[in-house]
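Structure, as structure tokens:
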Amino acid sequence: GVTNENSHPHCDPTCKISIVHNGIIENYFEIKQRLMDAGNKFTSETDSEVIAHLISENFDGDLLATVRRVLPMLRGTYGLIVMHSDFPDLIIGARNGSPLVLGIGNEEMFLASDVIAFGPYVQKIVYLNDGEIIKIDQNDFSVTNVQRATIKKETQDLESDVADISKNGFEHFMLKEIYEQPESIKRGLAGRINFAEYTGKLGGLNMRDAELDAIKSVVIVASGTSYYAGSVGARMISDMARIPTSTEMASELIAKNIIVSPDTLYFVVSQSGETADTLFAMRELKRKGARVLGICNAVGSTIARESDGGVYIHSGPEIAVASTKAFTSQITAFAILALIMGRGRGMSIADGDRLIKYLAAIPNAVEHILTLDKLICNIAKKYSSCKNFLFMGRGICHPVAMEGALKLKEISYIHAEAVAAGELKHGVIALVNPDTPSLFLVPDDELRGKNISSMKEVHARGGKIIVVTDIDDPEINAIADDVIIVPKTDRELTPFTFVVPMQLFAYHMANILGREIDQPRNLAKSVTVE
Ligand code: F6R
């Protein structure tokens, strides 16, 4: 439960030892049972509290040595910080599976799970790796491991944009981040187009052209919004480079015994670079011999460091829990990848040229969509009493519909279900009624006719219809109750222009309903537990 008793820090029975723990202790129950049998009293329902009790039980006057002895007794994951009130100038930290980073400021040091927490107070950082223990005293820090070996750590400069975190006049970080997209997409494209050869360039892949050309299939692994960005990326790579590409949810990949093939290239996608499911999936793939590249936003994050190379999306710090600009930056990276892989195979100069021109025009197209904000806000007002929504898209717009539904769910708490439009008639149509609006994504491509047929099925059953489209089409206008027209782009790039209205729709819906937009209930920005 979310209670004062369950919040950190947790203490030992003498209240001298305090700990803060991020992660999950899998064997806490047996430890707690044993300690309770020995007479210990616990004040919280957490697994974390057993750590403080265990340290207390084993304490021999040397906090570092005690923590080092206790860690092997814990099964699970931790980013852990320990203090003892008799040693006020000493902090011990330890990491296994959950992030921990040291921030060094002006005569002060901090430990956190994410560099974003440091704000302007820190200039240098040191990332800890799994199995490492840090000791901080008044003057310095030192890092060792459980076997007591000293580990020399590199200090890095903290990226300046991490220190500059403000809402910049916007009511919420989420809205600010939606409005940053023209710039963040531009940053993701900067220096990554090779105009002379009609292709892209990505320095961090650590792969020679010949190695890229030898790839026979691609698998993209991620969670949540990053998974939907990966699903868009999979379609871009399959369509443009003609390489069979599939996606795996990270949590599902860990749940099965995945077959790794040497000709397959694996990408893990993560804004934070710390999502436990994605990190563990990456480690499992690497253990099986796969080459795994990362597509990350957080520079220096665990996934970025442990992958075999990859791409930084450069969208800048994303503070709102609901991911927006990271999604468009992730698909920017995938568009460039698809261009590189496509041009290495059958993609013509003309197709490469066309794609580059449309890609370069995306920031302006998004800028235009932001001018539709008021219209989208009014549409949200009109439907704000609805309790259920359907989101429908086909082809590359199907994962975009899933992303739109996820955005609405997580910040407005309205139930939304995304359906591949063609699947509607196979069962979901039973849900259509005048109180359940459907939001259709209808680009002007070869699937438009089929999408209009699905709209007609909904219309005939009294369902209200909101359409995002890139064409002023009388047939669409006749059936739809509300239409949002976005600028036209290349058919592979429609996810950029179709996702932004849905981000704004979810935002306004949540705002109208008075929700905690930047920190929705039950959610955390980086999910560092499995
Ligand atoms: C949704 C959202 C989550 C994350 C997911 C993966 O708005 O933010 O679904 O996308 O938890 O997080 P990253 O990308 O940090 O691995």
Elements of type helices (runs of 4 or more DSSP H) contained in segment 418-530, each with 3 or more residues being under 23 Å from residue 180 (Cβ atoms): 494-512
Exclusive hit being within 11 Å of the ligand (Cβ to nearest atom) and either part of a helix (DSSP H, G or I) or on the phi > 0 side of the Ramachandran plot (or both), set 277, 239: 277
Selected residue (only one of 382, 425, 450 is touching a strand residue (DSSP E or B) at 6+ places or on another chain (Cβ under 8 Å), open to solvent by 40 Å² or more (accessible area, probe 1.4 Å), of a type in the set (Lys, Arg) and touching a residue at least 24 places away in the same chain (Cβ under 8 Å)): 382
So residue 417, is it farther than 21 Å from residue 471 by Cα, in contact with a helix residue (DSSP H, G or I) (Cβ under 9 Å, 6 or more places away or on another chain) and open to solvent by less than 30 Å² (accessible area, probe 1.4 Å): no
Counted residues, segment 232-257 - those being open to solvent by 20 Å² or more (accessible area, probe 1.4 Å) and under 24 Å from residue 280 (Cβ atoms): 11
Filtered residues of segment 43-94 (kept if closer than 20 Å to residue 141 by Cα, without any contact (Cβ under 8 Å) to a residue 24 or more places away in the chain and crowded, with 19+ Cβ neighbours inside 10 Å): 66
Qualifying residue in segment 216-228 (condition: open to solvent by 10 Å² or more (accessible area, probe 1.4 Å), away from the ligand (no atom under 16 Å from the Cβ), basic (Lys, Arg) and closer than 18 Å to residue 329 by Cβ): no
Qualifying positions in segment 4-46 - of a type in the set (Asp, Glu) and either farther than 19 Å from residue 69 by Cα or over 29 Å from the mean Cα position of the chain (by Cα) (or both): 5, 12, 30, 37, 45
Hits in segment 101-122 - residues which are touching a helix residue (DSSP H, G or I) at 6+ places or on another chain (Cβ under 8 Å), touching a residue at least 24 places away in the same chain (Cβ under 8 Å) and either open to solvent by 50 Å² or more (accessible area, probe 1.4 Å) or outside any loop (DSSP other than H, G, I, E, B) (or both): 101, 103, 115, 116, 118, 119, 120
Counted residues, segment 280-303 - those being open to solvent by 10 Å² or more (accessible area, probe 1.4 Å), assigned to a strand (DSSP E or B) and within 15 Å of the ligand (Cβ to nearest atom): 0
Residue 252 within 16 Å of the ligand (Cβ to nearest atom), more than 20 Å from residue 97 (Cα to Cα) and under 22 Å from the mean Cα position of the chain (by Cα): no
Answer from 342, 346 - the residue that is over 14 Å from the mean Cα position of the chain (by Cα) and open to solvent by less than 10 Å² (accessible area, probe 1.4 Å): 342
Tally, over segment 385-413, of residues that are more than 21 Å from the chain's Cα centre (by Cα), open to solvent by less than 30 Å² (accessible area, probe 1.4 Å) and more than 15 Å from residue 501 (Cβ to Cβ): 3
Elements of type helices (runs of 4 or more DSSP H) in segment 311-405, at least 2 residues being touching a Phe, Trp or Tyr at 6+ places or on another chain (Cβ under 6 Å) and within 16 Å of the ligand (Cβ to nearest atom): none
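The values are calculated or read from the model by the stated rules, or taken from the named source; none is laboratory data. Bear in mind that the values here come from a model prediction, so they are computed numbers and not experimental data. Please note: Cβ atoms are built from the backbone with ideal geometry, for glycine as well, and neighbour counts cover all protein chains shown. Areas reflect the complete protein model, heavy atoms only, side chains present, ligands, DNA and RNA absent. Shrake-Rupley method; radii C 1.70, N 1.55, O 1.52, S 1.80 Å.
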